[in-house]
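S.K.: One structure coming up, written as structure tokens, with questions to follow.
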Amino acid sequence: RIHTYLTFSGNCREALSFYKSCLNAELYLQTIGESPLSEKMPDKMKDCILHGMLKAKDFVIMGSDMVDDKGLRPGNNMSLMLDCESEEEIGRLFNALSDGGKVQHALERTYWGAMIGDFTDKYGNKWLLHFNKNESHGTG
């Protein structure tokens, strides 16, 4: 499955809450302060959203305030998030899709047990690949 993953610069909670009110969907938010990353981040980031998910019957929109040091600019505010079904699949797709592109974060295991990595493909499109063996659909 492919989901839309939006990147914000401090207003993820506001934006996803607005989309929730318009789209009648369930909203789940995790702040940086609620995560193990909290110790590594500046205090001003603690209330920022590490991961948000707006979920309805027919769609999932995800978001985060985790923008890179260069800030938001055309091309880095949206990713195609590919939810993979196995470690083999995420490895194969990551290698194939990133070929000729630029890897921002190699595949790695996260503190919540998933595998995740992101890159910009050779056409300038940003991808985020995810696999979590503990979730039936990997979107939670």
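S.K.: Mind listing whichever residues of region 107-134 are out of contact with any helix residue (DSSP H, G or I) (no Cβ under 7 Å at 6 or more places or on another chain), over 23 Å from Leu72 (Cβ atoms) and either in a strand (DSSP E or B) or charged (D, E, K, R) (or both)?
M.R.: Matches in region 107-134: Glu108, Arg109, Lys133.
S.K.: Looking at Ser64, Ser98, Ser79, Ser38, can you tell me which residue is out of contact with any strand residue (DSSP E or B) (no Cβ under 6 Å at 6 or more places or on another chain) and of a type in the set (Ser, Thr, Tyr)?
M.R.: When all the criteria are applied, what remains is Ser38.
S.K.: Consider Tyr28 carefully, then state whether it is assigned to a strand (DSSP E or B), in contact (Cβ under 8 Å) with a residue 24 or more places away in the chain and surrounded by fewer than 16 Cβ atoms within 10 Å (Cβ to Cβ).
M.R.: It is true that Tyr28 is assigned to a strand (DSSP E or B), in contact (Cβ under 8 Å) with a residue 24 or more places away in the chain and surrounded by fewer than 16 Cβ atoms within 10 Å (Cβ to Cβ).
S.K.: I'm told Asp99 meets every condition in (1) surrounded by fewer than 14 Cβ atoms within 10 Å (Cβ to Cβ); (2) more than 14 Å from Trp127 (Cα to Cα); (3) acidic (Asp, Glu) except one. Can you identify the failing condition by its number?
M.R.: Looking at each condition in turn, Asp99 falls short on (2).
S.K.: Could you check region 40-49 and list, in sequence order, the residues that are more than 13 Å from Leu16 (Cα to Cα) and open to solvent by less than 70 Å² (accessible area, probe 1.4 Å)?
M.R.: Of the residues in region 40-49, the ones more than 13 Å from Leu16 (Cα to Cα) are 40-47.
Within region 40-49, Met41, Pro42, Met45, Lys46 meet the criteria.
S.K.: A further question follows. Hey, Arg73 hits all of (1) touching an Asp or Glu at 6+ places or on another chain (Cβ under 9 Å); (2) open to solvent by 30 Å² or more (accessible area, probe 1.4 Å) but one; which does it fall short on?
M.R.: (1)
S.K.: For region 76-96, which residues satisfy the criterion of being more than 22 Å from Thr31 (Cβ to Cβ) and surrounded by fewer than 18 Cβ atoms within 10 Å (Cβ to Cβ)?
M.R.: Leu80, Glu85, Ser86, Glu87, Glu88, Glu89, Gly91, Arg92, Leu93, Asn95, Ala96, listed by residue number.
S.K.: Pick out the one residue from Lys55, Lys20 that is without any contact (Cβ under 8 Å) to a residue 40 or more places away in the chain and open to solvent by 30 Å² or more (accessible area, probe 1.4 Å).
M.R.: Lys20
The values are calculated or read from the model by the stated rules, or taken from the named source; none is laboratory data. Keep in mind the model is a prediction, meaning the values are calculated, not measured. Neighbour counts run over all protein chains shown; Cβ positions are idealised from the backbone, glycine included. Just so you know, the surface numbers come from the protein's heavy atoms only, side chains and all, with ligands and any DNA or RNA stripped out. Shrake-Rupley method; radii C 1.70, N 1.55, O 1.52, S 1.80 Å.
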